[in-house]
Amino acid sequence: MEFLYEPDRIFAQDPEGKLLAEVTFPAADGVATIDHTFVDGSLRGRGVAGQLVSEAVGQIRKAGLRARPTCPYAVKWFSEHPEESDLL
């Protein structure tokens, strides 16, 4: 799956432009808040949400920001990836 990148959003669309997956992480005061993760039902169970959050974490790290996960999936992802806890 090919992801598209914006400054505070990573997402995927089908050829017709329908949103298939998305993670948003707006930044303010040096902190990116991972506040939304969405995966279309047709893609659930394939690890897409984890890929999105991992990509967001990479973007956050590259920008020199801290991360604040507030969406339940991102909170769970960080608990399962303690190697990324230095961003919190």
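The values are calculated or read from the model by the stated rules, or taken from the named source; none is laboratory data. Since we're looking at a predicted model, the values are computed, not measured. Neighbour counts run over all protein chains shown; Cβ positions are idealised from the backbone, glycine included. The accessibility values were calculated without ligands, DNA or RNA, using every heavy atom of the protein model including side chains. Shrake-Rupley method; radii C 1.70, N 1.55, O 1.52, S 1.80 Å.
Miscellaneous remarks
- Among (i) 14, 35, 29, 19, 4; (ii) 15, 47, 33, 6, 0; (iii) 18, 53, 25, 4, the entry derived from the coordinates for P(r) over Cα pairs in 10 Å bins from 0, in percent: (iii)
- L88 versus E6: modelled label distance in nm, points set 7 Å from Cα along the beta carbon direction: 2.8 nm
- Largest accessible area first, the listed residues D14, D86 line up as D86, D14 when surface is computed with a 1.4 Å probe on the assembled protein chains.
- Within the shell of other residues whose beta carbon sits under 10 angstrom from the beta carbon of A74, the net charge comes to +1, with Lys and Arg scored +1 and Asp and Glu -1.
- Accessible-area ranking of K76, K62, largest first, probe 1.4 Å: K62, K76
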